[in-house]
Amino acid sequence: MTDKKDQTADHIDSFLHRLDVEKQYSPHTLRSYSSDLLAFEDYLKSRKKKITDANIRDIRSFLAKLRTSGLARTTISRKVSAVRSLYKFLQESGYIEKNPMVSMHSLRKEDKLPKFFTLNEIETLLAVFGDKDWKQLRDKAMIEVMYGGGLRISELVGLDDGDFDPGSSVVVVGGKGKKERMVPVGSHAVKAVKAYIERRDNEQKRAEDETALFVNARNGSRLTSRSVRRILRNSLLKAGLDPAKSPHDLRHSFATHMLQNGADLRTVQELLGHEHLSTTQIYTHLTTQNLKDIYDKAHPRA
């Protein structure tokens with residue numbers, strides 16, 4: 001008979017395996033859920049409990065500890081979501097009869113609008129890239145593609161040469177849940193990527209059998225998300241813009257500018273690869289706020 005620790009670990013492993021194989025969660029989400037559930041396991045061990053024995057009081061006590069830990073509300077919400085999903089799995093799999101999370105309400109999310117670049121800021125940022133070498137062309141092409149197509153940073157670094165079709169001005173993107181989608185990127189992005197590829201192939205030897213579109217200068221292998229963040233931060237500093245803005249803010253900017261210029265919400269949802277329309281609707285709040293700001297400045301009786 002297995003001990004409590006082994007039994008709990010087996011339940012968590014089975015749950016994560018299901019998320020990976022059946023639900024096709026991203027590696028990042030799987031790592032986050034694994035970390036969250038191990039923290040929950042450790043907490044229950046301190047109360048001499050295992051997952052299948054825990055009740056709503058144990059879970060509320062865990063939540064209270066999270067609330068006093070200084071974690072962001074979004075982080076706490078993710079941890080609660082991981083525990084909720086685990087108990088749903090345990091009940092469906094017959095490991096427990098009653099789900100202790102049934103009476104636990106979801107945390108209310110903070111009304112926090114995403115940051116985005118203005119069009120002038122985008123143009124200022126792109127102006128810092130020259131054409132002295134292939135790396136400068138690469139950096140400009142990355143910004144153009146992220147902003148031009150609304151790509152996540154993981155989608156950008158995951159692009160292969162074969163995913164880019166200059167003839168149709170689209171890229172094939174592998175999004176969340178390993179779902180592919182076709183994304184138009186626009187003429188400026190196409191021009192920038194073509195210029196980069198030509199110089200890259202002439203000036204940079206790529207790693208053997210490397211298929212990545214964006215590669216590093218050290219050994220010609222696939223560029224990492226960390227490198228993209230560093231490149232953007234340095235470019236923002238050079239442009240005199242806020243270096244705290246992230247690659248994901250370029251994605252926010254894409255969605256915001258599309259809606260401000262007349263795109264419908266369903267189209268933006270499809271371009272972003274959002275599964276639910278509610279995820280995309282935050283941008284309508286943002287554009288509404290933008291309209292309010294303009295009204296307040298322009299109307300004499302605002």
Helix 225-239 sits at what angle to the longest principal axis of the chain, using alpha carbons and giving 0 to 90 degrees rounded to 10? 50
Taking GluC sites (Glu not before Pro) as exposed when in a DSSP loop with at most 16 other Cβ atoms inside 10 Å, the chain has its longest clean stretch at 111-207
Multiply the residue gap between D264 and V102 by 0.36 nm, knock off their C-alpha separation, and tell me the result in nm, one decimal place. 54.6 nm
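Mind putting a number on the dipole of segment 119-297 about its Cα centre? Charges go on the C-beta only, +1 for Lys and Arg and -1 for Asp and Glu, and I need it in Debye to the nearest 20.
Rounded to the nearest 20 debye, it is 520 debye.
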With everything on Cα atoms, drop me the angle between helix 282-298 and the longest principal axis of the chain, reported from 0 to 90° to the nearest 10. 60
Trypsin sites (Lys or Arg not before Pro) within segment 153-217, DSSP loop, no more than 12 other Cβ atoms inside 10 Å: K179, K205
Efficiency of FRET between D242 and D13 - r from beta-carbon atoms, R0 30 angstrom, step 0.05: 0.10
To the nearest 10 degrees, the tilt of helix 4-21 (Cα long axis) against the first principal axis of the alpha carbons of the chain is 40
Suppose a student asked you for the relative contact order of the chain, using Cα pairs under 8 Å spaced at least 6 residues apart; what percent would you report? 16
Post the alpha-carbon centroid distance, segment 193-272 to segment 120-135, in whole angstrom. 12
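Multiplying the sequence separation of T211 and R181 by 0.36 nm and subtracting their Cα-Cα distance, what value in nm do you get?
Numbers: separation 30, 0.36 × 30 = 10.80 nm, distance 1.91 nm.
Here the segment from T211 to R181 would lengthen by 8.9 nm.
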All other residues with a Cβ under 12 Å from the Cβ of S225 taken together, and with Lys, Arg as +1 and Asp, Glu as -1, what is their net charge? +4
Once normalised by the length of segment 4-92, the mean sequence separation of its alpha carbon contacts under 8 Å that are 6 or more apart gives a contact order in percent of 35
Potential extension, K48-L71 segment - 0.36 nm per residue separation minus Cα distance: 5.8 nm
Of S77, N234, V128, which is farthest on the positive side of the dipole of the chain, counting Cα position, with +1 on Lys and Arg Cβ, -1 on Asp and Glu Cβ, and the Cα centre as origin? S77
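Just so you know, all these numbers are worked out from the coordinates, no wet-lab data involved. Only a predicted model underlies this, so the values are computations on that prediction, with no experimental measurement involved. Every residue, glycine as well, gets a Cβ built from its backbone with ideal geometry; the counts of neighbours run over all protein chains shown.
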